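Beneath this line is the structure, given in structure tokens, with notes to follow.
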Amino acid sequence: MNEKVISSILEATREGEMINQDKWGAISSLLAQGVKKKAIARLLGLHIQTVRKWAAEGGWTPFRRPIRGKKLDPYQEWAKVRLPQIGYNAVVLQEELEAQGYTGSYQQVKRFVRPLREERDRLEAATVRYETAPGQQAQVDWGTAWVSLGGREVRVQFFVMVLGYSRRIFARATLDQKIPALLSCHEAAFEQGKRGT
């Protein structure tokens, strides 16, 4: 093995890297050249036990964290049904799970509950409807559109009032949004409301 390869391996070792495929290649190459394990360890800046271990394994494999089952897995279906009943309270869920034999941590329960609670909150916020008693509230808005009147394009303003209780809609077209038009539209909406039409 040439000096350039050895120096690059030494540099990588000084940076504190774990044994990777390149280092394994250097170990196996030096072993094939008949270099002793102690010398390889000294040359590469590794512990002798590391060199022995990798020489005995006969090949490099990347480190993989062992896959462990979560202690909460057997209880998840029950917990999803129970959470709405207890207001998505992780402390209460933890206590009830422990009564059923759960031995995991509270942190794991919190991580399980958090996205379910956030989904519930998001759905509740999206479906909140503002309710009022009859005659208590209405919403008014303006819209605009270009229409052809008498052969010329005119910008028309649309006054729209929606009653909060019944969702009944009143609409009227005007040429502007000035105060006289606004008051006239309100009066017409109230008059129609009195007639019930």
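The values are calculated or read from the model by the stated rules, or taken from the named source; none is laboratory data. Just so we're clear, the structure is a prediction, and the values are computed from it rather than from any experiment. All Cβ positions, even for glycine, are placed from backbone atoms using ideal geometry, and neighbour counts span all protein chains on display.
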Quiz item: Among Ile86, Ile27, which is the only one that is among the β-branched types (Val, Ile, Thr) and at pLDDT below 90?
Solution: Ile27
Quiz prompt | Matching residues in region 134-172 - criterion: being under 45 Å from the mean Cα position of the chain (by Cα) and aliphatic (A, V, I, L, M) | solution = Ala138, Val140, Ala145, Val156, Val160, Met161, Val162, Leu163, Ile169, Ala171
Quiz prompt | Filter result for the condition that a residue is at pLDDT 90 or above and at negative phi, over Val51, Val92, Val35 | solution = Val92
Quiz item: For region 81-101, does any single residue satisfy the condition of being under 20 Å from the mean Cα position of the chain (by Cα), outside the structural domain of Asp176 (by TED's automatic domain parsing), of a type in the set (Gly, Ala, Ser) and farther than 30 Å from Ser184 by Cα?
Solution: yes
Self-check item: Extreme residue, surrounded by the most Cβ atoms within 10 Å (Cβ to Cβ), among residues of region 90-103 that are outside any helix (DSSP H, G or I) and out of contact with any helix residue (DSSP H, G or I) (no Cβ under 8 Å at 6 or more places or on another chain)
Solution: Gly101
Practice problem: Filter region 149-189 down to residues that are at negative phi, modelled with pLDDT under 90 and loosely packed, with under 13 Cβ neighbours inside 10 Å, then give me how many there are. | Solution: 2
Quiz item: Looking at region 120-132, is at least one residue touching a helix residue (DSSP H, G or I) at 6+ places or on another chain (Cβ under 9 Å) and within 30 Å of Lys71 (Cα to Cα)?
Solution: yes
Quiz item: In region 21-38, how many residues are in a helix (DSSP H, G or I) and either touching a residue at least 60 places away in the same chain (Cβ under 8 Å) or surrounded by 12 or more Cβ atoms within 10 Å (Cβ to Cβ) (or both)?
Solution: 11
